[in-house]
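A.B. asks: Quick one: structure below, then a few questions.
What follows is calculated from the coordinates using simple rules that are stated; it is not laboratory data. Being a predicted model, the structure only gives us computed values, none of them experimental. All Cβ positions, glycine included, derive from the backbone under ideal geometry; neighbour counts span all protein chains shown.
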Amino acid sequence: MSNANSEIQFVIFLGGVLGLAFVTFLFYITYKYTKRQQQFQKEIADMRLGLEQRINEAQLEMQEETLSQIADKLHDEIKNSLNACKLMLVTLARQTKEDYTKETLNEIVVEMGKVINEIRFTSHSLKSDRVVNIGLAEAIQFETYLLKKSSNIEISIEKETSDNVLLEEKHTVYLFRMFQEIMGNVIAHSRASRVLIKLLTPSENKFVMSVVDNGVGFNVKEARKKSSGSDGIGLTGLYKRAFQINADLDIQSGIGLGTTVKIELPLS
């Protein structure tokens, strides 16, 4: 009887051990499967992110190439044609004997000279290599000069960054294009009377650019929903460029509260 009980106990013990081993094996298989699924999903997410980044970069590079082509056409063809017309008008003004006609032609020559200068300035702001050569701060100051001439907005710049701060070429161009897009939105939509631009280096490994206006403001969430469509206010390009250079883009606004756009770029 004792032997029989021992055998039963042994069978029960063995069954328990085998059952526990089986359950442990199931847990192990489930754990490994879950880990592999998570790893697979992460790889898919990384691939999707990388693909999105490459597509965005290709689109932005095409934009830069297009802007460069437009700049060349403005500078080399249209400006030269206007200069030729200006010289013809100057010659005509010298040849005419009527004072009224001479005065009118001279006025046209002056206005045409202003247009030629505007075309020259605009072509410079479209060339990415020029932005890189003169640096972000000077490019923004030059762009601000042009904006002051073409709008009634009071624009001021606060610069609290060292001239020794070196930005990568890509970062310089993308930050400048973001600045242009922000100011384009301000002029087109904000109805602001004042804009404050800040260029800051709060630490050795961070560069900050902010643009603050006192305009009518807007609902940021609604604008982001519309930004991919024709009713948007150009936020898609800002977020794309920020994504490409690993910058943090923060937009604070509200109806009647003005708008603050802040870009933080980590420095290597």
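A.B. asks: Loop only by DSSP, 13 or fewer other Cβ within 10 Å of the Cβ. Give me the GluC sites (Glu not before Pro) in region 78-145 that pass, ordered by residue number.
C.D. replies: On the way: sites: Glu98, Glu103, Glu107, Glu111, Glu118, Glu138, Glu143; in loops: Glu98.
The qualifying sites are Glu98.
A.B. asks: Another one. Taking neighbour counts of Cβ atoms within 10 Å as a proxy for exposure, in what order, fewest first, do Phe176, Phe243, Phe13 appear?
C.D. replies: Going from sparsest to densest Cβ surroundings: Phe13, Phe243, Phe176.
A.B. asks: Please list the non-local residues whose amide H lies under 5 Å from the amide H of Lys206, H modeled 1.01 Å from N, same-chain partners needing a gap of 5 or more.
C.D. replies: When sequence neighbours closer than 5 places are left aside, the close amide H contacts are Leu267.
A.B. asks: If r is the Cβ-Cβ distance from Leu196 to Lys221 and R0 is 25 Å, what FRET efficiency results, to the nearest 0.05? Provide the component values of the computation, followed by the final result.
C.D. replies: Details: r = 24 Å, r/R0 = 0.98.
E between Leu196 and Lys221, to the nearest 0.05, is 0.55.
A.B. asks: Then there is this: Under a plain spin-label model, where a point goes 7 Å from the Cα along Cα-to-Cβ, how far apart in nm are Lys114 and Arg130?
C.D. replies: 2.1
A.B. asks: What is the list of residues in region 191-219 whose amide nitrogen lies under 14 Å from a point 7 angstrom out from the Cα of Lys159, following Cα to Cβ?
C.D. replies: 197-201
A.B. asks: State, to one decimal in nm, how far the label point of Leu20 lies from the label point of Leu92, with both points 7 Å from Cα in the Cβ direction.
C.D. replies: 10.5
A.B. asks: Provide Ile12, Ile108 in ascending order of the number of other Cβ atoms located within 10 Å of each residue's Cβ, fewest first.
C.D. replies: So the ranking, lowest neighbour count to highest, is Ile12, Ile108.
A.B. asks: Based on the Cβ-Cβ distance from Phe27 to Lys262, what FRET efficiency comes out when R0 is 41 Å, to the nearest 0.05?
C.D. replies: 0.25
A.B. asks: Now for a different question. Step through the table entries Lys170/Lys225; Lys148/Lys170; Lys159/Lys206; Lys114/Lys149, compare each Cα-Cα distance with 21 Å, and write down the pairs that go over it. Numbers along the way, then the final one.
C.D. replies: Numbers: Lys170/Lys225 28 Å; Lys148/Lys170 27 Å; Lys159/Lys206 14 Å; Lys114/Lys149 11 Å.
Over 21 Å apart, Cα to Cα: Lys170/Lys225; Lys148/Lys170.
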